[in-house]
Amino acid sequence: MARSNAADAMALVGEVGAIASSPGDRRVRATEVLEALNRIVPHVAAEIVSLNPFDGSVEVLSSHGYSSAVSDRLHSSEFLELMNFLKLPETGKPVRMRDLPGNPLDNWAVADVLIPAGYREGMTMCLRTPDGRFTGFLNLSVESTQHPSDLARDAIASMCSALGALTDPLQNAGWIQVLLNEGSRAVGLDAAGSTVALPGSAGHHLLVGGSDLIKVAMHSSIRQSSSTFLWPDDDEVLRVRVVPCRGDEVISTVVSLDSFDLTPLSRRELEVLTLAAEGLSNQEISEALIIGMRTVATHVEHILHKLEAPNRAAAAAYALREGLILGRVDCPGRPIGQR
């Protein structure tokens with residue numbers, strides 16, 4: 001019987017998150033996730049698919065119930081184009097047949113593939129990592145129009161990032177090294193936080209053991225999910241990407257640096273935005289940055305205008321989602337950005 005209790009649904013969310021982030025073969029973990037999801041959406045067919053970041057090809061991590069003919073259509077470039085048309089990779093929100101705009105039968109995947117195969121309802125969700133990368137998708141198909149319920153849809157929506165990390169092929173040191181361009185500034189970290197050189201990657205004075213940047217990266221990697229933040233270095237700001245690696249005996253995390261264009265924000269506006277995203281009031285930001293309250297208010301006004309955000313909460317949410325946050329080691333009495 002499907003779970004209908006909100007508390008049970010949230011417990012299942014935690015269970016799926018634990019499965020997705022645990023060590024071990026991700027195919028085994030994907031199968032365990034589908035088994036768990038069956039308790040909230042009793043499906044007759046389901047799959048978790050990983051997306052190759054280079055050529056767009058798919059790798060099925062776990063699947064059951066779909067015929068080869070249905071699978072071929074669901075893994076086609078046309079299906080990826082359909083998901084892009086519906087903006088599913090951008091939102092990461094699950095969509096049921098009844099959620100589709102207009103008449104669901106106008107959608108070829110529903111009318112030509114799923115309904116003829118006997119599926120009367122279902123759900124598709126594009127999976128995204130916490131730093132916003134589209135890494136795969138989840139398909140669930142059911143025989144009853146009663147499922148998935150609104151509760152199930154919302155619970156599964158909250159699993160997007162955890163499943164995005166599960167399907168992320170870049171959580172493997174070999175993949176990451178392929179992705180990095182020759183001469184890229186990157187370093188590996190072992191489980192203890194010691195640096196491990198990556199062949200073909202250039203060094204950088206920030207990527208040394210014990211540096212503030214490495215401390216922040218280690219703290220970020222504890223969450224076992226990818227993260228992106230910004231780091232000031234002399235006259236430039238760098239984008240830092242921290243990617244935990246699973247299935248690698250030596251490297252547990254890869255940290256890479258890339259130049260970042262602050263446009264349209266100024267360096268000071270970025271500092272104000274970072275503190276606002278942490279929930280600080282204008283007065284607290286004023287004290288942290290040692291600037292006047294009126295100056296803080298002006299910066300906030302400029303930030304909202306430049307980001308086209310209706311309020312500071314929306315601006316903070318955008319900053320967190322897009323990685324427009326300065327990573328820092330808290331130093332009482334010292335302004336943000338000073339290391």
Some residue of the stretch 103-116 being charged (D, E, K, R) and surrounded by fewer than 22 Cβ atoms within 10 Å (Cβ to Cβ): yes
From the options Leu324, Leu275, Leu320, Leu265, residue that is closer than 18 Å to Pro232 by Cβ and assigned to a helix (DSSP H, G or I): Leu275
Tally of residues being modelled with pLDDT under 90 and surrounded by 14 or more Cβ atoms within 10 Å (Cβ to Cβ) across the stretch 21-37: 3
Out of Leu265, Leu289, sole residue that is of a type in the set (A, V, I, L, M) and over 24 Å from the mean Cα position of the chain (by Cα): Leu289
Segments classed as helices (runs of 4 or more DSSP H), wholly inside the stretch 39-98, with at least 3 members that are within 20 Å of Ser141 (Cβ to Cβ) and hydrophobic (A, V, I, L, M, F, W, C): 68-74, 77-85
Test: residue in the stretch 186-195 that is in contact with an Asp or Glu (Cβ under 9 Å, 6 or more places away or on another chain), surrounded by 19 or more Cβ atoms within 10 Å (Cβ to Cβ), at pLDDT 85 or above and farther than 26 Å from Thr263 by Cβ: yes
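Go through the stretch 49-79 and give me each residue that's hydroxyl-bearing (Ser, Thr, Tyr), closer than 22 Å to Ala165 by Cα and touching a residue at least 40 places away in the same chain (Cβ under 8 Å).
The one that is hydroxyl-bearing (Ser, Thr, Tyr), closer than 22 Å to Ala165 by Cα and touching a residue at least 40 places away in the same chain (Cβ under 8 Å): Ser50.
The values are calculated or read from the model by the stated rules, or taken from the named source; none is laboratory data. Owing to the predicted nature of the structure, the values given are computational and were not obtained by experimental measurement. Positions of Cβ are backbone-derived with ideal geometry, glycine not excepted, and every protein chain shown enters the neighbour counts.
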